[in-house]
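Throughout, read-outs are computed from the coordinates displayed, never taken from laboratory work. Only a predicted model underlies this, so the values are computations on that prediction, with no experimental measurement involved. Cβ atoms come from the backbone with ideal geometry, glycine included; neighbour counts cover every protein chain shown.
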Amino acid sequence: MLAWVVSAALLGQPLPIFAAIAALLVVQPSVNQSLSRGIERSIGVILGVIVASVADIIFGTSSAVVLAVIVVSLLIGWALRLGPASATQIPISGMLMLSIGVATPNYAFDRILETVIGAAVAMLVNAAIAPPVLLVPAHTAVGRLLEHSAATLERLSLTLSQKQDAAGLEALMVQARSLRSLDAAAAAAIAAAAESLTLNPRRGKHRRILKGDAELHARLSVLVRRLIGMSRAVHDHYDSSLHQEPIVRDLARELSKAAHDLRLLHSTEGVLSAPPQDDQLPALTAPLSVPRPHPTHWVLIGSLLEDMRRVREEIIGDED
């Protein structure tokens, strides 16, 4: 409505339809997306009008010319690697120019101006009405990834502390592999949140929260790969005599502590607002004494010890 009124006032057009169409198509979930769509649509209209005007001057107006303009317009969009909005707008503008513009004075100029006015109004309105900030989905996705990573650590601890059958080992691998999809979902949510903050008037106070979630996700992504590798090692090298190794019980306890500490990393503001309770303190650990394991188990135990050291480094955020 605003694009219609502004275009009618500036151009003296009684029915500024193209300004209204541009405003409807340009508005997107974020200001940055609206800006991109507005630029794409304006470029498409200008190129379409130019192609149609040149064709009309050289070949005149006929069905064959209109069809040729459509093909040439699509080829131009493909050659310039334009986005879908621009690529489709070129032939649309060309068809309208040849069907309506030849009988309407100043049609090409007015169409370009109407489109630019509609796109500009759409971007201003989008910026003025507090465009959404997609922090909550990102924070939720990172929290879900963290919780499932902690649950996988606990599942590994259970596997090392209790005898498992083939079904239990397979369930461990299924749970570990599911972290990949959660990691990808968290990455997509963070990217969407960053997109929503670009050119957003409210971006200042939200950047710190998003930065914290992005940094936490980066650490979790490394941890996901580590957990999948640990689960694969246990799955491939497990046997029923593994539980007789003293160090295996210690490793199971360390995995449980790591799960506890991992959950402490996720809070809304990144700090504890009240004095920490017992369950909010890191689960302190001590160096492990590693007796010589049975030759059947030394590869698995050595692998888990090194992975456990790196897991703690990733949870702590620094080399230990």
Counting only residues 5 or more places away or on other chains, whose amide H sits under 5 Å from the amide H of Tyr238 once H atoms are built in the peptide plane? none
Among Met308, Met95, Met230, Met173, rank each residue by its count of other Cβ atoms within 10 Å, from fewest to most, as a rough exposure measure. Met173, Met95, Met308, Met230
If neighbour count is taken as other Cβ atoms inside 10 Å, put Glu313, Glu114 in order from fewest to most. Glu313, Glu114
Can you tell me, using C-alpha contacts under 8 Å and at least 6 residues apart, the relative contact order of the chain as a whole percent? 19 percent
PRE zone check, label point 7 Å out along Cα-to-Cβ of Asp165, amide N under 15 Å, scope segment 234-267, hits 240
Taking the chain as a Gaussian network, Cα atoms linked when under 10 Å apart, which of Leu80, Leu156, Leu172 shows the biggest mean-square fluctuation? Leu80
Out of residues 5 or more away from Leu82 or on other chains, whose amide H comes under 5 Å of its own, with H placed 1.01 Å from N in the peptide plane? none
Shape call for segment 1-77 from the C-alpha gyration tensor, a ≥ b ≥ c root eigenvalues: rounded (a/c under 1.5), prolate (a/b greater than b/c) or oblate? oblate
Where does the Debye-calculated log10 I(q)/I(0) of the chain sit at q = 0.07, 0.11, 0.14, 0.16 Å⁻¹, using only Cα point scatterers of equal weight, no solvent? -0.51, -0.78, -1.00, -1.19
Per 0.36 nm of contour for each residue apart, how much would the distance between Ser181 and Ile21 grow if the chain were fully extended, relative to their Cα-Cα spacing? 53.7 nm
Need the full-extension length gain, Arg207 to Leu2, defined as separation in residues times 0.36 nm minus the C-alpha distance. One decimal, nm. 70.6 nm
Connecting every pair of Cα atoms under 10 Å apart in the chain and solving the GNM, the largest mean-square fluctuation among Arg155, Arg37, Arg208 falls on Arg208
Ranking of Thr140, Thr159, Thr115 by count of other Cβ atoms within 10 Å, fewest first: Thr140, Thr159, Thr115
Once the piece of chain linking Ser241 and Glu306 is laid out straight, how much longer is it, given 0.36 nm per residue of separation minus the C-alpha distance between them? 21.3 nm
Specify which residue in the list Ala120, Val222, Ile57 is farthest towards the positive end of the charge dipole of the chain, using unit charges on the beta carbon of Lys, Arg (+1) and Asp, Glu (-1), about the Cα centre. Ile57
I'm checking a number: the convex hull volume of the Cα atoms of segment 2-128, normalised per residue, in Å³. What is it? 86 Å³
Helix-derived [θ] at 222 nm for the chain: sum -39500 (n - 2.57) over DSSP H runs of at least 4, divide by residue count, nearest 500? -25000 deg cm²/dmol
